[in-house]
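The structure under discussion appears below in the form of structure tokens.
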Amino acid sequence: MDPREVQSQENSHQNQSDSRLAIDIGGSLIKLVHFRRSADSTVDSPNDSLATLDVIDNDSAIKGRLHFAMFETSKINDFLEFINSNKLHLNAGGRANDVLPEEKVFVKATGGGAYKFANLFKEKLGIILDKEDEMDCLVAGANFLLKAVHQEAFTYMDERKDFVQIDHNDLFPYLLVNIGSGVSMIKVDGDGKFERVSGTNVGGGTFWGLGRLLTGCKSFDELLELSHRGNNRVIDTLVGDIYGGMDYSKIGLSATTIASSFGKAISDNKELEDYKPEDISRSLLRMISNNIGQISYLNALRFGLKRIFFGGFFIRGQEYTMDTISVAVHFWSKGEAKAMFLRHEGFLGALGALMSYEKQS
Ligand code: ADP
């Protein structure tokens, strides 16, 4: 199995098939979710990690396990090989309806790649991608996680992670911010009831693209790893840099507030090679996370939403990213709005596509 595969919990997935496969092919990453029913009546002990656990729908006594996997979209051929060698598509998609040849396998798919790579899947694996709308899937996946998975949502600030109890009767409305290559901001009012109210093109793709150019990193993980060791104060101009180390307290700005991301590159009159890649990565991560947190808050404000859930693979469970987003939301909302994160952040779309099998049965 792919080393990045993780397994995690599921429950109330009620279909009568033994297994189901759904994929979300985004601009940067392919996400796969595979559900397998299990006859086993015992349940593994849940823990906090993604790499554990299973199932249960008490109502129908259906048990099973969700498997999650992620590949870079540029390595789509590895992904096809992964499906093929693990035979994930066999008996895991929908059967053809009576108009189409019965031997064909239909697999629920979402994201732009479901269109772009449709022929490749057909030619290489005989899979017909049954396309589901990307926003529908994101929302369905988020609602599923928030309602069905224990300890899914959490806050993160000041090095503290706190799980949030979700009251199913008081979940809506909320703002869903999905930070993938680009960013979508969706006001969710209920199951299948939502509106994409905003977004920004400065997202995960920007961090990875600009970060790669500025640091020469060969992988996203390397860029993230660099950011752990960096110090953004080397490049960012802080309020204190302008005010001689003092706060600008009259308007609530502390000396450590960033006045201008990358601003020191001008005042220091240095060249790119004069800066450490670690510091560049850190400043970039801070700039993008902060910006997304602020735009999210403004959209929450537009619609009077107090809860903002952040998903998408940009986050990757990174403490610094989550902390920056949380601080931005907290700062601009004066503590009124809350940023929350999801343990299965990157799999909303794929989960939503998986849910869509049920709509048909
Ligand atoms: P999309 O559907 O647009 O691909 P995702 O939710 O999968 O969106 O997030 C893609 C973003 O996740 C990338 O732009 C990058 O910032 C980040 N990312 C996380 N892990 C990786 C990785 N291994 N390779 C590339 N990008 C990654």
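The values are calculated or read from the model by the stated rules, or taken from the named source; none is laboratory data. What you see is a predicted model; the values in this text were computed from it and never measured. In this analysis, Cβ positions are derived from the backbone assuming ideal geometry, glycine residues included, and neighbour counts consider all displayed protein chains. To get the accessible areas, we keep the full protein, side chains included, count just its heavy atoms, and leave off ligands, DNA and RNA. Shrake-Rupley method; radii C 1.70, N 1.55, O 1.52, S 1.80 Å.
Quick notes on this one:
- Single residue of segment 302-333 satisfying the filter (outside any loop (DSSP other than H, G, I, E, B) and of a type in the set (Lys, Arg)) that is nearest to residue 72 (Cα to Cα): 307
- Options 216, 244; residue that is surrounded by fewer than 18 Cβ atoms within 10 Å (Cβ to Cβ) and at pLDDT 95 or above: 216
- The one condition in (1) open to solvent by 40 Å² or more (accessible area, probe 1.4 Å); (2) part of a helix (DSSP H, G or I); (3) touching a residue at least 24 places away in the same chain (Cβ under 8 Å) that residue 336 fails to fulfil: (2)
- Residue tally, condition touching a residue at least 12 places away in the same chain (Cβ under 8 Å), surrounded by 11 or more Cβ atoms within 10 Å (Cβ to Cβ) and more than 24 Å from residue 66 (Cα to Cα), over segment 156-170: 2
- Number of the condition not met by residue 261 [criteria: (1) farther than 22 Å from residue 222 by Cα; (2) open to solvent by 30 Å² or more (accessible area, probe 1.4 Å); (3) among the small types (Gly, Ala, Ser)]: (1)
- Answer residue from segment 131-190, given it is among the acidic types (Asp, Glu) and over 18 Å from residue 336 (Cα atoms) and is farthest from the ligand (Cβ to nearest atom) among those: 167
- Residue ID - modelled with the lowest pLDDT, chosen from residues in segment 76-86 that are under 15 Å from residue 121 (Cβ atoms) and open to solvent by 20 Å² or more (accessible area, probe 1.4 Å): 84
- Scope segment 227-247; condition within 28 Å of the chain's Cα centre (by Cα), in a helix (DSSP H, G or I) and away from the ligand (no atom under 14 Å from the Cβ); matching residues: 228, 229, 232, 233
- Subset of segment 108-144 [within 17 Å of residue 21 (Cα to Cα), in contact (Cβ under 8 Å) with a residue 40 or more places away in the chain, within 21 Å of the chain's Cα centre (by Cα) and not in a strand (DSSP E or B)]: 111, 113, 114, 132, 134, 137, 138, 140, 141, 144
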